[in-house]
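**Student:** First, the structure itself, so that you have it in front of you.
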Amino acid sequence: MRKTIALGAAIFGAASGIACGGDGGGDLASADPFCQRVVPAVEAFMTQARADHPTPSDDRYGGTVVVGGAAELRGGMNSAGAVDYVSVQHHQFVNLMTLIDYDQDAEPRAYLAERWEVSEDVSEITFHLRQDVFWHDGEQTDAHDVAFTYGLVTNPVVGFSNPAYWDHYEQGDQAVEVVDDFTIKIRMRPHVDFLDPWRTVGILPEHLLGDVPPDALGTHPFGSECPVGNGPFVFVSHTPQDRWVFTANTAFPQGLGGRPFLDRYIYRIIGEQTTSLTELLTESTDVYLSVPPDQAQRIIDDPAVDLMHFRSRNFAFVAWNSRKPQLAAAEVRRALTLGTNRRAVIDAMLHGYAGVANSGVPPLHWAFDRNLAALDEYDPQAAATLLEEAGWTDRNGDGVREDAEGTPLTISVKYRSGAQLQKGIVEIMQSELGQIGVDLRPEAVEWTTLIRQTFNVARDFDGLIMQYAVDYRLDDTDSFHSARSDVGSALSGTSDQELDRLLERLSAAPDREAAQPLWTQYQRVLNEVHPYTFLYFPERIHGISKRLRAVEMDARAEFLNIKDWHLDPASR
Amino acid sequence: MRRLVASVPLVFGIATIIFFVVHAAPGDPSTTLIRPGLTPEMAAQLRANYGLDQPIPIRYVKWLGSMLTGDFGRSITHGRPTLDVVMDALPNTLLLSACALMFAFFFGIVLGAIQAVRQYSALDSTLSVVLLFFYSMPSFWLALMLSLSLTLFARNVWEWPFWFPGSGVSGTSYDSLSVIGKLGDRLWHLALPTLSLALALTAGIARYMRASMLEVIKLDYIRTARAKGLPERSVIFKHALKNALLPIVSLLGLYIPVLFSGTVLIESIFAWPGMGQLIYLAIGQRDYPLIMACTFIFAILVVLANLLADLLYAVVDPRVRYD
């Protein structure tokens, strides 16, 4: 027995020894030569910055905040490669800086760029950069970094995942002119929201990444092993699938508020929702991002935490494949919307945390047409009439409508396997549409298989339930313009000249005055063509510990004022 | 040594089969990067960046060649050398698995032996019911219940003076702790995942142990030991227990793969950054280099564990000898 215990102790000791090495165990050893070079430089600069900028005597300064998120920050701090919502926010507000950000009314305001000018014909924008922003290794952030970043995100070899951002910007050597170290001109074509990409893309350091081959950037250690930013928080460590640790950047410009109030910010990856809730309620985390609606009441009931919810920039929809004969007529597609009680879907599946959608323009956007809200209310009688008009009648009395040839109105709706919300929605649709003679069949498909079947030219689906997140810069060309049918997102395959014309005019509208009436008209026509059943605009729901103060979250972002978050001094 | 050498083609065979199975699955890593507006040219560029535009046999030859030189490539989702990603996660899984295994074997053997010695007693019946309860519980459900009761309820409802952490391998103040504090913190975080993983195994081992022990204590040599006046403790621990352990040792080889597959769920529930979570997410993202590295490492570990079980068998049973 003694031998057994001794053996056990030895194994445990060895294992603990392996796992104990570092922050949380298993953090990156930064053995890569790049990291070996940059980490000491960051440490040296930050040590000097702490000496030069002592923490002000204000009890808001200090403490550590832990945010629990569901997923790893994929791509890390490489803003040219990362695609997911939370990663991008870390570029915007945590580790990197964007040229501009948005105020509460979603109007552009200065950030890394202290001002900008646009030529009269909206063909050129000149950014003037702040001169007090430094990379965390001590190098100054300048216009060459902006030009470098622009070169990366517009380079097809890099594979930047949102190339449509740059549809209205010139590309190539002539597109950018570095006027001086802090002034850069970029040539473009008129577009009403031409500034939006600069809100999203974190500027990258040319002095560190300039010699990295563009196609190797996605796997470069800069992304997740030793990122060097210029934002309010400095990267400390990353334990894959566990946590990212950042510390306050004491050299952050005073003109932008100076160093953050928090000493440390930790992003923890907790995939299981029950665990995330437990961690918030036991104060192991301070923020629980993306609370599912069915957990919201549990958070409301707890006196130590607050529930924060707001309308997001997402919308959920069912794309109808109009290439399929049973879905070719707009009347049929519209009948499917009228026959779906979307308010009941929202109440049953989202506990009310959503609003009915009738287009992909989110309600917070200036282009949103409020008159659309009352369109297509649940009306099974009207839906049945539309189906009759389109030639679909229950000819054999089996409860399912058929066309003149006797083909039943059978529609399969594909959704991501394991997505309980989508499964529930499709099942409700199946029940409701079944009552008006539509044989709707839910079909669960594994995610990558689903994408393969739907986002390529094979278009192997009848209906597809999806959710998109949109930027402030709206452009439906890739989804609905008939000339872009080869693009992955041209799901519905509708072809309408009026829609095409409006999309083209919208794309060239130089300002809101010109674009607003076009957007209103466009949303009306889109409703007539009815490529999708727009389901709802979901709310984003988050749980916040009451000890955390000054948290502002809205459709712009969750981390937008992380620099101003502070802890109740008594709770530290 | 001969068995070790024989394991080499086995491991490569497993890896080869997995390579083709994984690549036969629909979708690839670029699928997960698809966004509205991505043109076919851009999608093709993304695929080319990851070398996915080449035929599968070419990719296999390249993968095999790289792997033989110890280069598992770079993880597509982590953007780091695959081996580094695996080596970050592997210690956490080994630690969790080793703790669960020790817990399960220690308590399984002890409880099984007690049940056999006290056959048909109230203690035997009670233990049987309790162990069957844990044996029949799905591990993910057990993990969630343990987390809710020993973390959330213990702190917020029952107001215990202590409660277990619900996730992670260490606390957020880990860096500022002393060495003893760090060890304590790690042990504290290990408690619930280990229990969740080990309880069902413990119950199984106890059932085997009880049966094995009952068989042994009825044998002639035990009767002889008692007849010659040896104390009961000596009869049980010195003579019966050792022989009853023989079939239990063979369970070791059987349970290690079970343990590794069990970590997939347990690690997800407790946000434990180990191999289970890593491979689960890698499969979802079609991160081919990472899937291959993980399965290769798992294959090696399982082969080694079976080898270890065989060697232990020889240690416990002097009749077994390997030339």
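The values are calculated or read from the model by the stated rules, or taken from the named source; none is laboratory data. Worth saying up front: this structure is predicted, and the values here are computed from it rather than measured. Note that we place each Cβ from the backbone using ideal geometry, even for glycine, and neighbour counts take in every protein chain shown. We work out accessible area using only protein heavy atoms, side chains counted, and drop any ligands, DNA or RNA first. Shrake-Rupley method; radii C 1.70, N 1.55, O 1.52, S 1.80 Å.
**Student:** Pick out the one residue from A:Gly434, A:Gly463 that is small (Gly, Ala, Ser), touching a helix residue (DSSP H, G or I) at 6+ places or on another chain (Cβ under 8 Å), under 18 Å from A:Ala335 (Cα atoms) and more than 14 Å from every other protein chain (Cβ to nearest Cβ).
**Tutor:** Details: A:Gly434 fails: touching a helix residue (DSSP H, G or I) at 6+ places or on another chain (Cβ under 8 Å).
The conditions single out A:Gly463.
**Student:** Next up: Restricting the first residue to the range A:456-476 and requiring it to be farther than 17 Å from A:Phe317 by Cα, which pairs with a second residue that is aliphatic (A, V, I, L, M) meet a Cβ separation below 8 Å and a spacing of at least six or different chains?
**Tutor:** Sorted first by the residue in the range A:456-476, then by its partner, the pairs are A:Tyr472/A:Ala106.
**Student:** So which helices (runs of 4 or more DSSP H) stay within the range B:1-69 end to end and still have 1 or more residues that are open to solvent by 60 Å² or more (accessible area, probe 1.4 Å), within 14 Å of another protein chain (Cβ to nearest Cβ) and modelled with pLDDT under 85? Walk me through it before giving the result.
**Tutor:** Values: elements: B:2-24, B:40-49, B:56-68.
Result: B:2-24, B:40-49.
**Student:** Check A:Tyr165 against each of (1) away from chain B (no Cβ under 14 Å); (2) assigned to a helix (DSSP H, G or I); (3) of a type outside the set (A, V, I, L, M, F, W, C) and name the one condition it does not meet.
**Tutor:** Failing condition for A:Tyr165: (1).
**Student:** Now for a separate question. Closer than 16 Å to A:Pro253 by Cβ, assigned to a strand (DSSP E or B), hydrophobic (A, V, I, L, M, F, W, C) and open to solvent by less than 20 Å² (accessible area, probe 1.4 Å) - does that describe any residue in the range A:79-95?
**Tutor:** no
**Student:** Regarding B:Ala154, is this residue within 11 Å of chain A (Cβ to nearest Cβ) and either open to solvent by less than 20 Å² (accessible area, probe 1.4 Å) or assigned to a loop (DSSP other than H, G, I, E, B) (or both)?
**Tutor:** On the way: within 11 Å of chain A (Cβ to nearest Cβ): yes; either open to solvent by less than 20 Å² (accessible area, probe 1.4 Å) or assigned to a loop (DSSP other than H, G, I, E, B) (or both): yes.
The answer is yes for B:Ala154.
**Student:** Just the residues that are farther than 15 Å from A:Arg37 by Cα and either out of contact with any helix residue (DSSP H, G or I) (no Cβ under 8 Å at 6 or more places or on another chain) or without any contact (Cβ under 8 Å) to a residue 12 or more places away in the chain (or both), please, taken from the range A:193-222.
**Tutor:** Scanning the range A:193-222 gives A:Asp193, A:Phe194, A:Leu195, A:Trp198, A:Pro213, A:Ala216, A:Thr219.
**Student:** Name the residues in the range A:482-524 that are open to solvent by less than 20 Å² (accessible area, probe 1.4 Å) and assigned to a loop (DSSP other than H, G, I, E, B), would you?
**Tutor:** A:Val487, A:Gly488, A:Ser489, A:Ala490, A:Leu491, A:Ser492, A:Thr494, A:Ala509
**Student:** Using the structure shown, decide if A:Ser489 is at pLDDT below 95 and either closer than 26 Å to A:Trp392 by Cα or away from chain B (no Cβ under 13 Å) (or both). I'd like the intermediate steps shown before the answer.
**Tutor:** On the way: at pLDDT below 95: yes; either closer than 26 Å to A:Trp392 by Cα or away from chain B (no Cβ under 13 Å) (or both): no.
No.
**Student:** From the list A:Val153, A:Val133, A:Val157, A:Val146, pick out the single residue that is open to solvent by less than 20 Å² (accessible area, probe 1.4 Å) and within 14 Å of chain B (Cβ to nearest Cβ).
**Tutor:** After applying the criteria, what remains is A:Val153.
**Student:** Applying the selection to the range A:218-233, what residues are among the small types (Gly, Ala, Ser), within 14 Å of another protein chain (Cβ to nearest Cβ) and either open to solvent by less than 40 Å² (accessible area, probe 1.4 Å) or touching a Pro at 6+ places or on another chain (Cβ under 6 Å) (or both)?
**Tutor:** Within the range A:218-233, the subset among the small types (Gly, Ala, Ser) is A:218, A:223-224, A:229, A:231.
Among the residues that remain, those that are also within 14 Å of another protein chain (Cβ to nearest Cβ) are: A:218, A:223-224.
Across the range A:218-233, the qualifying residues are A:Gly223, A:Ser224.
**Student:** Mind listing whichever residues of the range B:95-134 are buried (at least 21 other Cβ atoms within 10 Å of the Cβ) and within 14 Å of chain A (Cβ to nearest Cβ)? Break it down into steps so the answer makes sense when it comes.
**Tutor:** Pass one, the range B:95-134, residues buried (at least 21 other Cβ atoms within 10 Å of the Cβ): B:95-97, B:99-101, B:104-105, B:108-109, B:111-113, B:115-116, B:131.
Scanning the range B:95-134 gives B:Leu95, B:Leu96, B:Ser97, B:Cys99, B:Ala100, B:Leu101, B:Ala104, B:Phe105, B:Gly108, B:Ile109, B:Ala113.
**Student:** Can I ask one more? Only one residue in A:Asp211, A:Asp215, A:Asp180 is at pLDDT below 90, of a type in the set (D, E, K, R) and either outside the structural domain of A:Asp511 (by TED's automatic domain parsing) or open to solvent by less than 20 Å² (accessible area, probe 1.4 Å) (or both), so which one is that?
**Tutor:** Numbers: A:Asp211 fails: at pLDDT below 90; A:Asp180 fails: at pLDDT below 90.
Step by step, each of A:Asp211, A:Asp215, A:Asp180 is checked, and only A:Asp215 is at pLDDT below 90, of a type in the set (D, E, K, R) and either outside the structural domain of A:Asp511 (by TED's automatic domain parsing) or open to solvent by less than 20 Å² (accessible area, probe 1.4 Å) (or both).
**Student:** Sticking with this one: Does B:Val258 satisfy the criteria of being within 14 Å of another protein chain (Cβ to nearest Cβ) and open to solvent by 10 Å² or more (accessible area, probe 1.4 Å)?
**Tutor:** Considered against the rule, which asks whether it is within 14 Å of another protein chain (Cβ to nearest Cβ) and open to solvent by 10 Å² or more (accessible area, probe 1.4 Å), B:Val258 comes out as no.
**Student:** Also, quick follow-up: Can you name the residue in the range A:388-426 that is among the acidic types (Asp, Glu) and either surrounded by 15 or more Cβ atoms within 10 Å (Cβ to Cβ) or outside the structural domain of A:Ile346 (by TED's automatic domain parsing) (or both) and is also farthest from A:Met349 (Cα to Cα) among such residues? Talk me through it step by step, then tell me what you get.
**Tutor:** The initial filter retains those residues of the range A:388-426 that are among the acidic types (Asp, Glu), namely A:388-389, A:394, A:398, A:402-403, A:405.
Remaining after also requiring either surrounded by 15 or more Cβ atoms within 10 Å (Cβ to Cβ) or outside the structural domain of A:Ile346 (by TED's automatic domain parsing) (or both): A:388, A:394, A:402-403.
Values: A:Glu388: 30, A:Asp394: 31, A:Glu402: 31, A:Asp403: 33 Å.
It comes out as A:Asp403.
**Student:** Exactly one of (1) within 11 Å of chain B (Cβ to nearest Cβ); (2) closer than 15 Å to A:Ala164 by Cβ is unmet by A:Arg452. Its number?
**Tutor:** (2)
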